[in-house]
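K.L.:
What follows is a structure written as structure tokens; I'll ask about it next.
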Amino acid sequence: MRTVILTDVERVNGNVTCFVQELYQAGEKKLGTDESKFNQILCSQSYEQLRQVFHEYKNIAHKELKQSIRSEMSGDLESGMLTVGRTIQSECETGSLVCQAWTQYI
């Protein structure tokens with residue numbers, strides 16, 4: 001029997017890939033948008049994971065996540081999701097700021 005032990009980095013990278021795929025499937029890949037999937041991922045993950053999600057999304061969708069948000073959403077939801085993106089890209093120090101920025105739009 002072979003045992004595989006994943007490091008924290010491997011777990012984070014695996015989760016990031018999964019999150020990017022889920023966001024792509026919920027938006028660009030389908031007709032209509034599953035906004036709840038965007039909300040679930042963008043408001044529940046750590047700053048580091050979200051920073052990597054925003055970075056890796058372009059590799060799968062061939063466009064930046066903020067471009068997908070602009071084309072898939074509108075109104076307050078679009079503004080809130082873009083605020084999350086700006087918070088992540090501004091290299092804030094704590095992940096809690098991400099949800100604080102988001103909840104101000106709700």
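The values are calculated or read from the model by the stated rules, or taken from the named source; none is laboratory data. Everything numeric in this text was worked out from a predicted model, so none of it was measured. No Cβ is skipped: glycine too gets one built from the backbone with ideal geometry, and neighbour counts run over all protein chains shown.
K.L.:
Conditions: (1) of a type outside the set (Phe, Trp, Tyr); (2) surrounded by fewer than 18 Cβ atoms within 10 Å (Cβ to Cβ); (3) at pLDDT 85 or above. Val20 meets all but one. Number of the miss?
P.N.:
Failed condition: (2).
K.L.:
Among the residues that make up the range 26-35, is at least one of them outside any helix (DSSP H, G or I) and within 19 Å of Ile88 (Cα to Cα)? Please lay out each step first, then the result.
P.N.:
Of the residues in the range 26-35, the ones outside any helix (DSSP H, G or I) are 27-34.
Of the ones still in play, those that are also within 19 Å of Ile88 (Cα to Cα) are none.
Among the residues of the range 26-35, not one is outside any helix (DSSP H, G or I) and within 19 Å of Ile88 (Cα to Cα), which makes the answer no.
K.L.:
Name every residue in the range 36-63 that is surrounded by 15 or more Cβ atoms within 10 Å (Cβ to Cβ) and not in a helix (DSSP H, G or I), in order of residue number.
P.N.:
The answer is Cys43, Gln45.
K.L.:
Scan the range 25-39 residue by residue and report those that are touching a residue at least 12 places away in the same chain (Cβ under 8 Å) and of a type in the set (A, V, I, L, M, F, W, C).
P.N.:
Result: Ala26, Phe38.
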